[in-house]
Amino acid sequence: MDIMTGVGLTAGIIVITAMILMGGDLHMFISEHAMIIIFGGSISATMIRFPLSALLHGLPLGAKFAFTMSRLSAHDLVDELARIAEIARKQGPVGLEKVETDEPFLAKGIRYVADGYDLDFIRDNLERDRDNFLMHLDEGSKIYRAIGDCAPAFGMIGTLIGMVQMFANMTDPSKLGPFMATALLATLYGALVANLFCLPIADKLHGKLLDEETNRTLIIDGILMIRDSKSPTLVREMLLAYLPEKHRHAEGEPVPA
């Protein structure tokens with residue numbers, strides 16, 4: 001679970017709600033007309049931008065990865081692959097059949113080695129799997145960013161509609177207040193949807209994409225070296241290159257200057 005995403009959203013909602021309640025009633029900030037223009041308009045524009053397949057893959061995948069973390073960090077993956085290489089050296093590929101891991105992508109690679117698939121098949125299949133996953137995650141980031149870009153614009157459209165309605169009814173003072181409230185609330189809703197939800201999630205997904213690309217490429221290289229019967233020490237040393245310099249050394253081991 002990615003705690004920071006949930007904490008950030010909760011804190012933002014609490015701050016906005018507190019400011020509303022400190023200056024008035026929550027009901028005065030609810031407008032069906034503003035909700036229709038913001039959510040309806042943003043979703044409609046996003047549907048024009050992206051094909052249905054991208055929406056069906058990107059939205060749920062993006063929502064899932066915005067609130068979850070990878071099961072294993074890059075450093076954990078290096079240790080795990082070195083351990084697997086040690087098992088393969090002592091017991092051969094057959095020994096990998098009993099190896100269990102919490103990382104599904106790594107489990108797939110282990111199964112390929114245990115089943116005796118050749119090097120090219122393993123490389124092509126895992127790289128295709130990685131690229132498809134990253135493509136869908138990138139689609140999710142782009143979709144949330146698109147909604148975040150649209151929401152303030154439709155907030156302005158809602159404001160303009162409310163202003164037109166207000167000026168068209170200047171002879172009836174009782175209608176001026178509701179139309180002005182709708183106009184301002186549309187801008188408020190657009191800003192909140194974009195800056196508290198969609199754009200932060202898009203940025204979070206972009207960061208997750210970079211992490212997943214590193215982790216899955218690391219796994220592919222490790223699996224290929226294990227398939228090629230490389231020693232556990234060599235596997236570890238080769239894969240440590242994926243880590244930042246300060247994370248390449250065991251705890252308590254001095255880092256070279």
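Table for the structure above
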item: Candidates per GluC sites (Glu not before Pro) in the stretch 80-155, loop by DSSP, up to 16 other Cβ within 10 Å; result: E100
item: Degrees between helix 3-23 axis and first principal axis of the chain (Cα, 0 to 90, nearest 10); result: 10
item: Size of the stretch 69-181 as Cα extents on the principal axes (Å, biggest first); result: 89, 25, 19
item: Coordinate range along principal axes, alpha carbons of the chain, Å, largest first; result: 89, 42, 33
item: Sites matching trypsin sites (Lys or Arg not before Pro) across the stretch 24-95 that sit in DSSP coil, with at most 16 neighbouring C-beta atoms within 10 Å; result: R71
item: Residue-level accessible surface for M22, protein heavy atoms, 1.4 Å, Å²; result: 150
item: Lysine pairs within the chain, Cα separation less than 25 Å, 8 or more sequence positions apart or different chains; result: 15
item: Long-range tail of P(r) for the stretch 105-257 (Cα pairs > 27 Å, %); result: 54
item: For the stretch 126-172, diffusion coefficient by Stokes-Einstein and Kirkwood Rh (Cα), 37 °C, 0.692 mPa s, µm²/s; result: 240
item: Separation between Cα centres of the stretch 1-22 and the stretch 73-132, rounded to whole Å; result: 41
item: Probe 1.4 Å, accessible area per residue of the chain, Å²; result: 57
item: P(r), alpha carbons of the stretch 49-109 - 10 Å bins starting at zero, rounded %; result: 18, 36, 22, 18, 7, 0
item: Percent accessible area from carbon and sulfur atoms, the chain, protein chains only, probe 1.4 Å; result: 64
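The values are calculated or read from the model by the stated rules, or taken from the named source; none is laboratory data. Please read all numbers here as calculations on a predicted model, not as lab measurements. In this analysis, Cβ positions are derived from the backbone assuming ideal geometry, glycine residues included, and neighbour counts consider all displayed protein chains. Accessible surface areas use protein heavy atoms only, side chains included; no ligands, DNA or RNA. Shrake-Rupley method; radii C 1.70, N 1.55, O 1.52, S 1.80 Å.
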